[in-house]
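Here the structure is laid out as structure tokens; the discussion comes afterwards.
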Amino acid sequence: MSRDSIFEASVGYFLTPIRPFLEDDTVSEIMINGFNEIYIERRGRLERTTASFPSPDALLSAVHNVAQFVNREIDADRPIMDARLPNGSRVHVVLPPSARRGVYFTIRKFNRDIFGMDDLIHLGSMSASAKEFLEICVRLKKNIIVAGGTGTGKTSLLNAVSTAIPSDERIVVIEDSSELRLAQPHTLYMEVQTPDANGRGGVSIRDLFKASLRMRPDRIIVGEVRSGEALDMIQSMISGHAGSLTTVHATTPRDALIRLETLSLMSEVELPVYVARAQVASAINLVVQLARYSEDGSRKISRIAEAYGLDKDNNYQFRDLFVSKIKGRTPQGRLIADLAPVGVVPTFANELADYGLTGMIKETKGLWG
């Protein structure tokens with residue numbers, strides 16, 4: 001019996017109280033707020049369940065079981081842990097006293113299927129015209145930021161957009177915790193490693209990004225930028241590695257670029273604010289904004305905006321290319337949105353002919369001038 005099989009069997013035993021949710025494809029997240037309070041997210045909505053662990057010790061034993069097999073340390077001195085279950089689901093744990101109501105154990109379930117943009121159209125998250133536009137932008141090697149709040153589906157959308165990358169390209173994927181699954185065969189996945197108890201063996205996103213630049217990538221995809229690695233990414237975008245994709249926590253396109261600017265200033269490089277802003281403005285072409293609608297729990301693209309430099313007052317300039325408008329509800333009560341072009345031609349419209357991609361235009365004939 002392999003080590004992975006042993007891990008899977010032991011995790012299944014220790015997590016028996018929540019096994020039905022782990023096996024339920026309609027459940028995307030499991031949130032354990034102490035041994036006897038368990039919530040789930042199903043189809044975008046939170047539900048409190050009747051499930052519970054027998055005792056606080058039973059829950060803590062489950063945490064230590066996961067930690068043992070992923071070679072992580074979690075105790076009073078190291079009360080926070082990130083890990084993955086055998087099926088790829090992401091795990092985050094916080095121990096008391098930092099977690100005041102008991103052990104906090106959150107599981108973001110891993111989706112085994114590779115979702116494409118057609119799937120998102122079927123779910124009502126995007127339109128056929130937006131799909132075509134994003135496919136063309138990926139082929140044009142535009143640098144694209146997927147922005148949204150927590151739980152808006154940034155990673156899922158990033159994965160879907162990545163399906164437009166040609167299959168003959170060499171792609172490097174860098175993540176804090178592996179979630180992306182690309183369809184292209186020549187894809188290299190790299191994952192952050194936390195240091196051991198003695199501070200050894202740690203590998204950051206920034207370390208991985210620097211390594212990726214020496215691996216002859218055609219594309220670099222960063223699951224999420226959170227710190228000083230933003231500067232490395234921005235500088236690579238403006239120095240020959242176009243076509244990069246990443247996600248960032250932000251609720252508007254402007255906030256997304258300000259967030260990247262702020263993260264760039266967190267690097268060890270002493271950088272004036274105006275230089276950081278100029279580099280972000282030069283690097284980013286598109287922001288795809290996601291929103292989560294509380295009325296039905298759905299996640300949808302709310303707008304696609306082009307970023308086109310700075311104005312005379314050194315502020316970021318944007319133009320909305322697509323905007324979503326709610327048109328009604330389905331018989332089941334789900335919101336119906338129309339994500340449509342607003343009639344503004346992107347500044348890079350002429351590049352379509354230069355790359356020989358005019359044959360891709362079917363749904364967006366009026367968008368390219």
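Values in this text are rule-based calculations from the coordinates and carry no lab data. Remember, predicted model here, so these are calculated numbers, not experimental data. Note that we place each Cβ from the backbone using ideal geometry, even for glycine, and neighbour counts take in every protein chain shown.
Looking only at segment 252-270, filter to residues that are more than 17 Å from the chain's Cα centre (by Cα) and small (Gly, Ala, Ser); which one of those is surrounded by the most Cβ atoms within 10 Å (Cβ to Cβ)? Before the answer, list the steps.
Of segment 252-270, the ones more than 17 Å from the chain's Cα centre (by Cα) are 254, 258, 261-262, 264-270.
Those left that are additionally small (Gly, Ala, Ser): 264, 267.
Values: 264: 27, 267: 18.
Filtering first and then ranking leaves 264.
Might you let me know whether segment 316-326 holds any residue that is of a type in the set (Val, Ile, Thr), part of a strand (DSSP E or B) and touching a residue at least 60 places away in the same chain (Cβ under 8 Å)? First the steps, then the outcome.
Initial filter on segment 316-326 (of a type in the set (Val, Ile, Thr)): 323, 326.
When the remaining residues are screened for being part of a strand (DSSP E or B), the result is 323, 326.
Checking which are touching a residue at least 60 places away in the same chain (Cβ under 8 Å) leaves us with none.
Within segment 316-326, not a single residue is of a type in the set (Val, Ile, Thr), part of a strand (DSSP E or B) and touching a residue at least 60 places away in the same chain (Cβ under 8 Å).
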Residue hits (segment 295-332; closer than 23 Å to residue 160 by Cα, touching a Lys or Arg at 6+ places or on another chain (Cβ under 9 Å) and not β-branched (Val, Ile, Thr)) are 296, 297, 298, 299, 300, 305, 306, 307, 320, 321, 322, 324
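On the given criteria, is residue 298 closer than 29 Å to residue 120 by Cα, of a type in the set (Ser, Thr, Tyr) and out of contact with any His (no Cβ under 7 Å at 6 or more places or on another chain)? Let's see the steps before the verdict.
Numbers: closer than 29 Å to residue 120 by Cα: yes; of a type in the set (Ser, Thr, Tyr): yes; out of contact with any His (no Cβ under 7 Å at 6 or more places or on another chain): yes.
It is true that residue 298 is closer than 29 Å to residue 120 by Cα, of a type in the set (Ser, Thr, Tyr) and out of contact with any His (no Cβ under 7 Å at 6 or more places or on another chain).
When the residues of segment 241-251 are filtered to those that are of a type in the set (S, T, N, Q) and buried (at least 18 other Cβ atoms within 10 Å of the Cβ), which remaining residue is farthest from residue 135 (Cα to Cα)? So that I can check it myself, show each step before the final result.
Taking segment 241-251 and keeping what is of a type in the set (S, T, N, Q), we get 244, 246-247, 251.
Retained after the next criterion (residues that are buried (at least 18 other Cβ atoms within 10 Å of the Cβ)): 244, 246-247.
Values: 244: 14, 246: 16, 247: 17 Å.
Once the filter is applied, the top-ranked residue is 247.
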